[in-house]
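First up is the structure itself, then whatever we jot down about it.
A short reminder: the numbers here are calculations on the coordinates, not readings from a lab. This one's a predicted model, so the numbers in the text were calculated from it and none came from an experiment. Cβ atoms come from the backbone with ideal geometry, glycine included; neighbour counts cover every protein chain shown.
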């Protein structure tokens, strides 16, 4: 084969089927969630160890604690709170990807991971209002559950309804 022939040959590989593309999208979104969760975890550790939360936040309710963290909190706390909100949105996206891929196990796991993230968000808002160790542990434990869920999705066999 000459150099010219190799340049004019067309790639004969077929495009992936829609089912394969849906599973690939699911895995990509689950992997993105894992990366975001690791960043969120590191930010949370930083906030817990090195950030002084304003005394005015003590006793704040869930939504007001979130609002105060974003609007008036230290930068690392605001980033942590905003990334937490983005993670909730991402978790909904993973559920939708799993449902579109018609993968029941992934859909159930994605819902469990979403519920864990919602629990972490609630624990985080509680932490801003109380700075309690149990709220901090709640965030960490819920994050671990969500990471486990998304990593499991990455390794599940691709099964889709045909």
- Item | Part-to-part distance (alpha-carbon centres) for segment 78-98 and segment 34-68, which is given in Å | 16 Å
- Query: Which distance in nm do the two modelled labels at residue 15 and residue 48 give, with both placed 7 Å along the Cα-to-Cβ direction?
  - Reply: 4.7 nm
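Just rank 139, 36, fewest to most, by other beta-carbon atoms within 10 angstrom.
36, 139
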- Message: How long are the semi-axes of the equivalent ellipsoid of segment 47-86, taking √(5λ) for every eigenvalue λ of the Cα gyration tensor, in whole Å from largest down?
- Response: 14, 14, 8
- Kindly provide the helix-only [θ] at 222 nm of the chain, computed as the sum of -39,500 (n - 2.57) over DSSP H runs of four or more divided by all residues, to the nearest 500 deg cm²/dmol? -26500 deg cm²/dmol
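Could you give the alpha-carbon Rg of segment 18-155 over 2.2 N^0.38 Å, rounded to two decimals?
Output field value: 1.10.
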- Note on the structure: Computed Rg/Rh for segment 110-158 (Cα atoms; Rh = Kirkwood radius) stands at 1.12
- In percent, how large is the relative contact order of the chain, given Cα pairs closer than 8 Å and 6 or more residues apart? 30 percent
- Fraction of alpha-carbon pairs over 22 Å apart in segment 70-144 - percent: 29 percent
